[in-house]
Amino acid sequence: MLKGKHIVLGISGGIAAYKAAYLLRLLIRKGAEVQVVITPNGKEFITPATLAALSGKPVVSEFFAANTGEWHSHVDLGLWADLMIVAPATASTIGKMANGIADNMLITTYLSAKEQVMVAPAMDLDMWRHPSTQRNVETLKRDGVIIVEPASGELASGLSGKGRMEEPEKIVEAAEKYFATQETLCGKKVLITAGPTYENIDPVRFIGNYSSGKMGFAIAEEFASRGADVTVIAGPVNICLSGEDIRRIDVTSAKEMCRECEKVAADADVVVLAAAVADYAPAEVAETKIKREGSDGMTLKLVKNPDIAATLGAAKRPGQIFVGFALETDHEYENACKKLKNKNLDWIVLNSLRDPEAGFMKDTNKITMVSASGEALAFGAKSKRQVAADIIDTLFGELSGK
């Protein structure tokens, strides 16, 4: 999977920098072409001469070459690379990456990266556990960075705990897994619905729900980062997609969403129905604003909206993968399984409004994925971008066989 791949290896200043030499050697052995970018502090732990000998390329550290004044273009590196790995990533480097503090060549290269970025943290256990470090790590995860979690063991301080940079072999495995997934998804057409629908009562009022669209957008961005051709059909939401190549179709009502989905779904390889579609709409929509004066109240007659999941599921062709969402308040598993079967889905993503870490308008979610065979895979509370990664990783076996 790494043969012929262009990899930027970023090294920051920690004792684990010695492991970067082993990581570099493994990447080269796998057939990758590696360009090392090291921070000034990183050079205190491992010499550029060692890294240049292993990579066969001059090591980049400063913005300008000392002797010639030649500019080292972080922009060109971002365009050249297929993957950027920062290992070791110190607490300082993680903080700078999360907050865009571009004061060295490694950070400016990260900020210019068009490719996937992978980070292997390395620090003392108290630094790893500190709330500021965890906030910065969560920011990177939300930005789509892959975090290779540090291992537990003996640390340079003499203490023992979580904070050791993961072994080079494990980091290489993570890189290979990324490229394997990207190869599987490259060119796959994915349709995702996101957000709520609004059903008009009159020109200024509507029936709606609290969906923010964050989960659907996170899934779209994760699919796109892995090489898929993504279309998002979004209800009224106040967030933007970060993926420049994601096609976005904005709608308001359930009928509009259904109509647009039918246009796209037939050609999709994967359909993820993450939108919170209103089940009912007013039977009549007033042409002018309804006034309260002269009335003791208002009675609305509601009619059923089209069932988008059932409509698309009935037309599903062989080879397509359909994933639905079930947000439940009671009898969660039973209701999810019923929805999965009735709508001809392959998987359903279950979350409960009773769980404070799940539900509408949150940055986290806590899901259980249920397959058509009834197999249930439960995940802990995570950021929605991480949840998106879990969903796609779970589907990976399905996708690789399609």
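The values are calculated or read from the model by the stated rules, or taken from the named source; none is laboratory data. Just so it is clear, the structure is predicted and the values come from calculations on it, not from any experiment. Cβ placement follows ideal geometry from the backbone for every residue including glycine, while neighbour counts extend to all protein chains displayed. Side chains are part of the model used for accessible areas, which takes the heavy atoms of the whole protein and leaves out ligands, DNA and RNA. Shrake-Rupley method; radii C 1.70, N 1.55, O 1.52, S 1.80 Å.
Residues of segment 62-184: accessible area per residue at 1.4 Å, in Å²?
Values: 5630 Å² over 123 residues.
With the other protein chains kept in place, segment 62-184 gives 46 Å² per residue.
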* **Hull volume in cubic angstrom per residue (convex hull over the Cα atoms of the chain)** => 173
* Structure fact -> Here the convex hull volume per residue of segment 154-247, taken over Cα atoms and given in Å³, is 152
* To do: Hey, can you grab everything whose amide H is under 5 Å from the amide H of Ile249? Only 5+ residues off in sequence or another chain; H modelled, so Pro and N-termini drop out.
  => Val232, Ile233, Ala234
* Asked: Which pairs break 20 Å Cα to Cα here: Lys96/Lys170; Lys19/Lys57; Lys30/Lys177?
  -> Lys96/Lys170
* Structure fact -> Rounded to the nearest Å, the spacing of the alpha-carbon centers of segment 300-323 and segment 100-179 is 41
* Give the residue from Ala98, Thr299, Ala268 lying farthest towards the positive end of the charge dipole for the chain; charges sit on Cβ (+1 for Lys and Arg, -1 for Asp and Glu) and the dipole is referred to the Cα centre. => Ala268
* **Cβ-Cβ FRET estimate between Glu154 and Ala53, R0 fixed at 30 Å, reported to 0.05** => 0.55
* Asked: Mind checking which aspartates and glutamates have their C-alpha under 15 Å from Lys301, skipping anything on the same chain fewer than 8 residues away?
  -> Glu199, Asp202, Asp279, Glu284
* Per-residue ellipticity at 222 nm for the chain, helices alone: DSSP H runs ≥ 4 residues times -39500 (n - 2.57), over residue total, nearest 500 deg cm²/dmol? -> -10500 deg cm²/dmol
* Sites excluded, GluC sites (Glu not before Pro) in DSSP loops with at most 13 other C-beta within 10 Å, longest stretch of the chain -> 71-243
* To the nearest 10 square angstrom, how much accessible area does Cys240 have with a 1.4 angstrom probe? -> 110
* Asked: Which percent of Cα-Cα pairs in segment 1-63 sits in each 10 Å bin, short to long?
  -> 25, 58, 17, 0
* So who's got an amide H within less than 5 Å of the one on Ile147, skipping anything under 5 residues away but keeping other chains? H placed 1.01 Å off N, in plane. -> Val119
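Over the chain, calculate the relative contact order: mean separation of alpha carbon pairs under 8 Å at least 6 apart, over the residue count, as a percent. Walk me through the intermediate numbers first.
Details: 861 pairs, mean separation 45.2, N = 402.
Relative CO of the chain lands at 11 percent.
Sorting Leu2, Leu302, Leu79 by accessible area (1.4 Å probe), largest first, what list results?
Final ranking, largest accessible area leading: Leu79, Leu302, Leu2.
Mind checking the full-extension length gain between Glu183 and Val204? Use 0.36 nm per residue of separation minus the Cα-Cα distance, one decimal, nm.
Numbers: separation 21, 0.36 × 21 = 7.56 nm, distance 4.74 nm.
Between Glu183 and Val204, full extension yields an extra 2.8 nm.
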* Asked: Ignoring ligands, DNA and RNA, what percent of the 1.4 Å accessible area of segment 112-198 is carbon and sulfur?
  -> 48
* Over segment 36-179, how many percent of alpha carbon pairs lie in each 10 Å bin up to the one with the longest distance? -> 11, 39, 38, 11, 1
* Asked: Rounded, prolate or oblate: which fits segment 261-321, taking a ≥ b ≥ c as square roots of the Cα gyration tensor eigenvalues, rounded meaning a/c under 1.5, else prolate when a/b beats b/c?
  -> prolate
* Structure fact -> Of every hundred units of 1.4 Å-probe accessible area on segment 255-402, the number belonging to carbon and sulfur atoms, as a percent, is 48
* When we measure straight from the Cα of Lys366, which lysines land under 18 angstrom away, once same-chain ones fewer than 8 places off are left out? -> Lys141, Lys214, Lys382, Lys384
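With a 1.4 Å probe and every protein chain left in place, work out the accessible area per residue of segment 278-343 in Å², rounded to a whole number. Walk me through the intermediate numbers first.
On the way: 4560 Å² over 66 residues.
Using a 1.4 Å probe on heavy atoms only, each residue of segment 278-343 averages 69 Å².
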* Round to the nearest 10 and report in Å² the accessible area of His331, as given by a 1.4 Å probe over the protein chains' heavy atoms. => 120
* Fluctuation leader among Gly324, Gly158, Gly374 - the chain, Gaussian network, Cα springs under 10 angstrom -> Gly158
